[in-house]
Amino acid sequence: MLDLRSNQNKQVTPLNVAIRNRRATQGFKPDEVPEEILNEILESSLLAPSGYNLQPWRFIVVKDADSRKRLRAVAMNQPKVEEAPVVVIACADPNSWKTDIERVIKLGQEAGQIKDDKSADFIRTNANKYLSSIDTKVWATKQTMIAFTHMMLLSETFGLDTAPMEGFFEDQVKKEFQIPDDLIVLALLAIGYAGKPDRPFGGRFDLGDLISLDKFGMPYVAS
Ligand SMILES: Cc1cc2nc3c(=O)[nH]c(=O)nc-3n(C[C@H](O)[C@H](O)[C@H](O)COP(=O)(O)O)c2cc1C
């Protein structure tokens, strides 16, 4: 089993420490998340990478007590949804690329990354060709979970605790929070301060079980 302590004597970064110490928090104190920290977490999560820089994620930050209560009711009555001072509803938009490609090209031009019309045209043609040939529900889900993970780990580096959740009824969450039907509600992220001790680490599969070297099934062995 992958052991949390196995890297004990190696150099670690603050992010690595946060990753090793993070646990899915079971209960939260009512203490507020300072506004400037929350803003930094939200803003930095938007710096996540995405295919063609299309950023198909849409987040709803739920802070108001009554709204958290309503969210809990459609999230299998999980108490942490109501306890945590902030719960983010993470959604993916499988169709936003159709209009956002032009916005992204404009962004790139303004930022000086896209320097001429030829480059803009190349991106437009390429993105349209690729995205109209794949299942963009899967594509948007893939991108959004990267931003979601940024949000979760960044919160941990600020000394906050987090709880990712998939235990909710998507149709009810959509109805309750007026989320358009074609969006996908992927996950909830409760952010706050733990109100009870973490559950013990549940373990992870070994490196060689999940990571191959050079070809699939050839177990990776850490040197
Ligand atoms: C996308 C996702 C959805 C999850 N949904 C729930 C949930 O609805 N309720 C819950 O109590 N835990 C949920 N968890 C927490 C997992 O059970 C937990 O991350 C896993 O057991 C590993 O424990 P650890 O995160 O403390 O290491 C979820 C985790 C993830 C990543």
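Which of GLN143, GLN178, GLN78 ends up with the largest GNM mean-square fluctuation for the chain, with Cα atoms connected below 10 Å?
GLN178
Determine, for TRP97, TRP139, the number of other Cβ atoms within 10 Å of each Cβ, and report the residues in order from fewest to most.
TRP139, TRP97
Can you show me the helix-derived [θ] at 222 nm for the chain, built from DSSP H runs with n ≥ 4 at -39,500 (n - 2.57) apiece and divided by the number of residues, rounded to the nearest 500.
After summing the helix terms and dividing by the residues of the chain, the value is -13000 deg cm²/dmol.
Name the residue from SER50, PRO30, LEU153 whose Cα lies farthest towards the positive end of the charge dipole of region 29-196, charges +1 on Cβ of Lys and Arg and -1 on Cβ of Asp and Glu.
So the residue furthest toward the plus end is SER50.
May I ask you to list, by number, the DSSP H helices of the chain whose Cα span along the axis is at least 20 Å and whose average Kyte-Doolittle hydropathy reaches -1.0 or more?
What comes out of the filter, once short or polar helices are dropped, is 97-111, 117-131, 136-157.
Any of LYS98/LYS129; LYS106/LYS175; LYS29/LYS63; LYS69/LYS142; LYS29/LYS69; LYS69/LYS174 with alpha carbons more than 22 Å apart? Name them for me.
With Cα atoms farther than 22 Å apart: LYS106/LYS175; LYS69/LYS142.
For ASP181 and LYS69 in the same chain, what is the full-extension length gain: residue separation times 0.36 nm, less their Cα-Cα distance, in nm?
38.1 nm
Name the residue from ALA163, GLN11, SER96 whose Cα lies farthest towards the positive end of the charge dipole of the chain, charges +1 on Cβ of Lys and Arg and -1 on Cβ of Asp and Glu.
Going by the Cα projections, it comes out as GLN11.
If you take every residue apart from LEU160 with its C-beta less than 12 Å away from the C-beta of LEU160, what net charge results, scoring Lys and Arg +1 and Asp and Glu -1?
Charge balance in the 12 Å sphere: -3.
Just flag the GluC sites (Glu not before Pro) in region 1-92 sitting in loop per DSSP whose Cβ has no more than 16 other Cβ atoms within 10 Å.
Sites meeting the loop and neighbour criteria: GLU32.
Between SER133 and LEU153, how many nm apart are label points set 7 Å from Cα along the C-beta direction?
Label-label distance for SER133 and LEU153, simple model: 3.1 nm.
May I ask for the equivalent-ellipsoid semi-axes of the chain, computed as the square root of five times each C-alpha gyration tensor eigenvalue and listed largest first in whole Å?
31, 26, 18
Going by average Cβ density within 10 Å per residue, which order do the peptides 195-207, 146-158 take, highest to lowest?
146-158, 195-207
What residue among SER132, SER212, SER96 shows peak mean-square fluctuation when the chain is described by a Gaussian network model with Cα springs under 10 Å?
SER212
Coordinate-derived values only; no laboratory data. Keep in mind it's a predicted model, so treat the numbers as computed, not measured. Using ideal geometry, Cβ is built from the backbone for each residue, glycine included, and neighbour counts are taken over all protein chains shown.
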